[in-house]
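> Input: one structure, supplied below.
The values are calculated or read from the model by the stated rules, or taken from the named source; none is laboratory data. Worth saying up front: this structure is predicted, and the values here are computed from it rather than measured. Neighbour counts run over all protein chains shown; Cβ positions are idealised from the backbone, glycine included.
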Amino acid sequence: MSRSKEKRIKKFRKKHIWPSIVGLILILLIFILVMVLAFDLAVADILQRKWMDSSSKSVTVSDLFEDYNAGTKDEIEQKVLTYIEALEVVDAVSVVDADRKPVWSSSGEYPVMDELIKWDIMPQLSEKEIGIIIADEGGQIFTVDNGEIGINEDVIIEFLMASGVEEDIEYMGYDDMPTARMKLWLVIPVNGLEVLVLNNVPVYYTDLLMMGVCIILCSILIAVFVIYYVISMISMFRSMHKTTKIIYTDMVTGGDNWLMFIKKGTSLLKKNKKARCNYAVLHLKMRKYRSFCTCFGVNKGQELIEKFYATLKNEIQRNEVTAHHENAAFGLLLEYTDAAQLEERIRKIESMLSEALPGIKTYFGVGVYLIGQGENDIEQLYNNAMIACEMLGEESENKIAYFDVEMNNRKLWERKVEDDMDRALANREFQVYLQPKISTSEEVLGGAEALVRWIHPTEGFIPPNRFIPIFEKNGFILKLDDYMLEEIAKVQAEWLAQGRKLVPISVNVSRAHFTREDLAEHICAIVDKYNVPHDVIELELTESAFFDDKKVLLNTVQKLRASGFRVSMDDFGAGYSSLNSLKELQIDVLKIDADFFRGADVEERGLLIVSEVIDLAKKLNMKIVAEGIESKDQVEFLTAQECDLIQGYFYAKPMPVAEFAEKYSE
């Protein structure tokens, strides 16, 4: 898998639920902080209002002492007692003079004060200076003076904690149930006296009701949000899981696809760093799968692939992997003990797959790469197995091929050829060589065949068998054939201008050309650019072209012959329908395959067949060319049989155009 592709998949898979969880936690924290702040503000507001009400009543009580003297003393004291009894927030009132000596107390007790720091907390209620004293049950008095207006829970608690009396916080009334109370001495100066009012501020449940409702509503809101968020995260997680499953699911088999094969295979090989197990990667391919789909339909073909996958899935062990690759090809990563055991298992798998089509014989090709220690690039290893399988071709039998270095070298060469071929054509690295055809009757030049040679700038001379098969496979042969035809047309035009006697030069036309119905017009257009007579160009096609679109072939040959071109059949006898092709295909020249003149049966059977073919061709008004002739005995035999032309090393090897022109100049 390419790095960019792997990175994109990992990036998608890393879209975890963590960001959502972190987001949920942050939002919860924000809600909690807001709730705490709202609670704190509500408590402070309640305490502030209670304190303001209590202070207002304390000032009202202290105002009674404006005219306090010996004459009004009893009356004022009685009124104060009445007030205390009527006012819930006032527990006691004590009066001291300027020297802090007791004057009168409703409860008979006076707070002990070594020092009283005045604290103006409510100037809006009275112009009098009001001080605050916080007392515990034992009468211990604490004074507060922080220069602030108002009082709240935090101020009191902070003061008590700073004074080292943490246990007094509960006494303050914040946690007393069912009500909370706050006892505070209020010091109010009145006409030289100091009136000390003990405030007992109650906080009832009704005071906290609104705050509770607010907290409940906030809690419900948080719960609803959290539930919604959790449901959203679960939905997202399930959606990611489904999407991930789709990414790793093969659309044909419904099982693991190639990405999952790479993922699992790489993981297994990385865990096997110490080579505790022997692993082999296999490319298993059903031969002629396209033919099966043509006969039975694409749907049946896909059903067959599903059956194959199910069979393979049941066969593999825990630490093995299989997946559908493409068409009817599967990848397998198998454990094995030795080569014999592995091959036996492969044969078993082939047998099991064959049972998926009862009554129909199926054949498989298997490419195998035995994985060495430390190798974990599953894609490259599988590619090696594919290379091994490709070397088997499409033979109708089960075969196993093991990858070796030579296979890789051939694949690298094929890649190099494909990389260089367009440049080579543009730079005219493909050179035309001519091999003469000699007349048997007069032993003079009767024609020639154009052959291509590649003069590579770094590889040097490259023979045709090293690049022509590659070109035929990748389709570049079409361009090369056009190039050769045009080069021969140029040569013939040049020789015609020089006044030389022209002989027919044959040019190969690959079977791939016969897929186009306008081939005859295409060939005429190339040759006519150079005003060369058509009869000096011979178009040579192989017998295998007859197995393609017969109608197009026959129509094209008819058009070419009508245009004046000579048409020859190359490698006659190499196929399986030679006589049938002669019956339907009207051609001018028949080239007998060189294999008839090689082997142990030349004297007894080969020469007899050649003799009969020559006789048959003459009866069909065809000229005969025997190629690949290398000995004098062969020449004498062909001459006796009245073969028209002989081509082979006995007379000359293929040579460059300039050398040919010099040797056979007339």
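> Identify the single condition in (1) in the same structural domain as His522 (by TED's automatic domain parsing); (2) closer than 30 Å to Phe261 by Cα; (3) touching a residue at least 24 places away in the same chain (Cβ under 8 Å) that Pro457 does not satisfy, given that it satisfies every other one.
Single failed check for Pro457: (2).
> From Ser107, Ser56, grab the single residue that is assigned by TED's automatic domain parsing to the domain that holds Met182 and in contact with a strand residue (DSSP E or B) (Cβ under 7 Å, 6 or more places away or on another chain).
Ser107
> Then there's this: What are the residue pairs meeting all of these: first residue in segment 602-617, first residue at positive phi, second residue at pLDDT 80 or above and surrounded by fewer than 17 Cβ atoms within 10 Å (Cβ to Cβ), Cβ atoms under 6 Å, and 6 or more apart or on different chains?
Pairs that qualify, where the first residue is at positive phi and the partner is at pLDDT 80 or above and surrounded by fewer than 17 Cβ atoms within 10 Å (Cβ to Cβ): there are none.
> Return the residues of segment 431-446 that are assigned to a strand (DSSP E or B) and surrounded by fewer than 19 Cβ atoms within 10 Å (Cβ to Cβ); say none if nothing qualifies.
As a first pass, look at segment 431-446 and keep what is assigned to a strand (DSSP E or B): 431-439, 445-446.
Residues satisfying the conditions are Gln431, Tyr433, Ser439.
> Go through Glu414, Glu394, Glu379 for me and flag whichever is at pLDDT below 90, under 30 Å from Asn465 (Cα atoms), among the charged types (D, E, K, R) and assigned to a helix (DSSP H, G or I).
Result of the check over Glu414, Glu394, Glu379: Glu414.
> OK, next. Just checking, does segment 447-459 include any residue being under 30 Å from Lys361 (Cα atoms), surrounded by 15 or more Cβ atoms within 10 Å (Cβ to Cβ) and not hydroxyl-bearing (Ser, Thr, Tyr)? Talk me through it step by step, then tell me what you get.
Going residue by residue through segment 447-459, those that are under 30 Å from Lys361 (Cα atoms) are none.
Looking through segment 447-459, none of the residues is under 30 Å from Lys361 (Cα atoms), surrounded by 15 or more Cβ atoms within 10 Å (Cβ to Cβ) and not hydroxyl-bearing (Ser, Thr, Tyr).
> Just to be sure, is Ile84 in the same structural domain as Glu194 (by TED's automatic domain parsing), within 16 Å of Val197 (Cβ to Cβ), among the β-branched types (Val, Ile, Thr) and part of a helix (DSSP H, G or I)?
Yes, satisfied.
> Shifting gears a bit: Have a look at Gly254, Gly301 and point out the one that is touching a residue at least 24 places away in the same chain (Cβ under 8 Å) and surrounded by fewer than 13 Cβ atoms within 10 Å (Cβ to Cβ).
Gly254
> To continue, here is another question. Can you pull out every residue in segment 343-375 that is in a loop (DSSP other than H, G, I, E, B) and either of a type in the set (A, V, I, L, M) or surrounded by 18 or more Cβ atoms within 10 Å (Cβ to Cβ) (or both)?
Here is the first cut: in segment 343-375, the ones in a loop (DSSP other than H, G, I, E, B) are 355-363, 371-375.
Correct list: Ala356, Leu357, Ile360, Thr362, Ile371.
> Here's another thing I want to ask about it. Tell me which of these Ala339 doesn't satisfy, since it passes every other one: (1) crowded, with 17+ Cβ neighbours inside 10 Å; (2) among the aliphatic types (A, V, I, L, M); (3) without any contact (Cβ under 8 Å) to a residue 40 or more places away in the chain.
The single condition Ala339 does not satisfy is (1).
> Quick one: how many residues across segment 253-282 are more than 17 Å from the chain's Cα centre (by Cα) and either in a helix (DSSP H, G or I) or under 17 Å from Met386 (Cα atoms) (or both)?
Summing the residues that are more than 17 Å from the chain's Cα centre (by Cα) and either in a helix (DSSP H, G or I) or under 17 Å from Met386 (Cα atoms) (or both) in segment 253-282 gives 8.
> Answer with yes or no whether Cys295 is hydrophobic (A, V, I, L, M, F, W, C), touching an Asp or Glu at 6+ places or on another chain (Cβ under 7 Å) and modelled with pLDDT under 90.
It is false that Cys295 is hydrophobic (A, V, I, L, M, F, W, C), touching an Asp or Glu at 6+ places or on another chain (Cβ under 7 Å) and modelled with pLDDT under 90.
> Right, something else. Return only the number of the condition from (1) free of Cβ contacts under 8 Å to residues at least 60 places away in the same chain; (2) touching a Pro at 6+ places or on another chain (Cβ under 9 Å); (3) not polar (S, T, N, Q) that Gly447 does not satisfy.
Unmet condition: (1).
> Which residue, of Thr322, Thr311, is polar (S, T, N, Q), outside any loop (DSSP other than H, G, I, E, B) and farther than 22 Å from Ile387 by Cα?
On inspection, the qualifying residue turns out to be Thr311.
> Further, regarding this structure: Looking at segment 409-429, can you tell me whether even one residue there is within 30 Å of Ile346 (Cβ to Cβ), touching a residue at least 24 places away in the same chain (Cβ under 8 Å), surrounded by 12 or more Cβ atoms within 10 Å (Cβ to Cβ) and not aromatic (Phe, Trp, Tyr)?
Our first condition is that a residue be within 30 Å of Ile346 (Cβ to Cβ); within segment 409-429, this holds for 409-415.
Among the residues that remain, those that are also touching a residue at least 24 places away in the same chain (Cβ under 8 Å) are: 411, 413-414.
Subset that is surrounded by 12 or more Cβ atoms within 10 Å (Cβ to Cβ): 411, 413-414.
From what is left, the residues that are not aromatic (Phe, Trp, Tyr) are 411, 414.
The answer is yes, given that some residue of segment 409-429 is within 30 Å of Ile346 (Cβ to Cβ), touching a residue at least 24 places away in the same chain (Cβ under 8 Å), surrounded by 12 or more Cβ atoms within 10 Å (Cβ to Cβ) and not aromatic (Phe, Trp, Tyr).
> Residue check, Lys399 against (1) more than 30 Å from Pro654 (Cα to Cα); (2) within 33 Å of the chain's Cα centre (by Cα), all met but one. Which one?
Condition not satisfied by Lys399: (2).
> Just give me the residues in segment 397-411 being assigned to a helix (DSSP H, G or I) and either closer than 24 Å to Arg290 by Cα or polar (S, T, N, Q) (or both), in sequence order.
Listed by number, the residues that qualify are Asn408, Asn409.
> With respect to Lys490, determine if the residue is touching a residue at least 40 places away in the same chain (Cβ under 8 Å), touching an Asp or Glu at 6+ places or on another chain (Cβ under 9 Å), farther than 24 Å from Tyr289 by Cα and outside any loop (DSSP other than H, G, I, E, B).
No: the conditions fail for Lys490.
> Within segment 493-528, track down each residue that is over 24 Å from Asn555 (Cβ atoms) and not in a helix (DSSP H, G or I).
Residues satisfying the conditions are Gly499, Arg500, Lys501, Leu502, Val503, Ile505.
> Is it the case, given these coordinates, that Asn398 is outside the structural domain of Ile470 (by TED's automatic domain parsing) and farther than 27 Å from Gly297 by Cβ? Don't jump to the end; show me each part of the working.
On the way: outside the structural domain of Ile470 (by TED's automatic domain parsing): yes; farther than 27 Å from Gly297 by Cβ: no.
No: the conditions fail for Asn398.
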